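Asker: My questions will all concern the structure given below.
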Amino acid sequence: RLARKSRALVNGQIYRSVYQQLSPILVARLDRLLENKPSQSQSAWDSLKQEPKQPNVRAMTQYLQHIISIMELAEDLPNLGDIAVAKRNQMVWEARALDLAQLRQLKPLKRYTLMVLLIQAQLINAMDDIADSFIKIIRNLHNAAEERLKQFHLQEAGRTERLISQFRAVLTALDSEA
């Protein structure tokens, strides 16, 4: 019981701390994620929770649009670096597990904290994915460039051998005339 009370107390302090850092504009932005528009098959909250596929070269533009939308959501959100990593991860997993109806039923302090943490986690994941994709693209370019350089060296080595042979023939011809 003491552990449960302590956990509830710590969590309550985190929820209050996060909520106090949210402006009314940020709260309204977060509330828009909870709207379920009939024209859309899923809410913005459900879209946010979905992990897009790892970007490839062809889908990079679409993936960048995904990152831009998360960055717009994350703009001006409070820095929650003071929350312990284990606690933050636990809250992010809790946020991922909640569907729209369950999220709406939470007390506002907890709801907004979980939403902020999930947005930040999704942004971090998206940035990691785009960095990995960039590294893969650069690695592929590097490997292709190395291969082309090897081919160029082989072609030039053959050309150099031909020039040396011609020069040797010219020298031999000049030597035999002299």
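The values are calculated or read from the model by the stated rules, or taken from the named source; none is laboratory data. Every value quoted in this text rests on a predicted model; they were computed, and no experiment measured them. For neighbour counting, all protein chains shown are included, and Cβ atoms are generated from backbone atoms with ideal geometry for every residue, glycine included. Areas reflect the complete protein model, heavy atoms only, side chains present, ligands, DNA and RNA absent. Shrake-Rupley method; radii C 1.70, N 1.55, O 1.52, S 1.80 Å.
Asker: Could you please find all residues in the range 59-76 being among the hydrophobic types (A, V, I, L, M, F, W, C) and out of contact with any Lys or Arg (no Cβ under 9 Å at 6 or more places or on another chain)?
Answerer: Result: Met60, Leu64, Ile67, Ile68, Ile70, Met71, Ala74.
Asker: Here's a follow-up. Scan the range 25-42 for residues that are β-branched (Val, Ile, Thr) and open to solvent by less than 90 Å² (accessible area, probe 1.4 Å) and jot them down.
Answerer: Val27
Asker: Okay, next question. Taking Lys87 as meeting all but one of (1) modelled with pLDDT of 90 or more; (2) farther than 21 Å from Lys110 by Cα; (3) among the basic types (Lys, Arg), write down the number of the exception.
Answerer: (2) is the only condition that Lys87 fails.
Asker: Which helices (runs of 4 or more DSSP H) does the range 74-178 wholly contain that include 3 or more residues that are under 25 Å from Arg7 (Cβ atoms) and touching a residue at least 24 places away in the same chain (Cβ under 8 Å)?
Answerer: Details: elements: 85-97, 100-105, 108-177.
Answer list for the range 74-178: 85-97, 108-177.
Asker: Select from the range 1-24 the residues that are surrounded by fewer than 15 Cβ atoms within 10 Å (Cβ to Cβ), farther than 13 Å from Pro78 by Cα and either touching a residue at least 12 places away in the same chain (Cβ under 8 Å) or among the small types (Gly, Ala, Ser) (or both) and list them in ascending order.
Answerer: The answer is Ala3, Ser6, Ala8, Val10, Gly12.
Asker: Now for a different question. Which one of these is open to solvent by 100 Å² or more (accessible area, probe 1.4 Å) and under 23 Å from Gln42 (Cα atoms): Arg104, Arg139, Arg168, Arg148?
Answerer: Values: Arg139 fails: under 23 Å from Gln42 (Cα atoms); Arg168 fails: under 23 Å from Gln42 (Cα atoms); Arg148 fails: under 23 Å from Gln42 (Cα atoms).
Arg104 is the lone residue from the list that is open to solvent by 100 Å² or more (accessible area, probe 1.4 Å) and under 23 Å from Gln42 (Cα atoms).
Asker: A further question on this structure: Between a first residue in the range 30-54 that is free of Cβ contacts under 8 Å to residues at least 60 places away in the same chain and a second residue that is open to solvent by 100 Å² or more (accessible area, probe 1.4 Å) and outside any loop (DSSP other than H, G, I, E, B), which pairs have beta carbons less than 7 Å apart while being 6 or more apart in sequence or on different chains?
Answerer: Ala44/Arg32
Asker: Return the only residue of Arg162, Arg148, Arg168 being closer than 30 Å to Ala59 by Cα and not aromatic (Phe, Trp, Tyr). Don't jump to the end; show me each part of the working.
Answerer: On the way: Arg162 fails: closer than 30 Å to Ala59 by Cα; Arg168 fails: closer than 30 Å to Ala59 by Cα.
Within the list Arg162, Arg148, Arg168, the selection yields Arg148.
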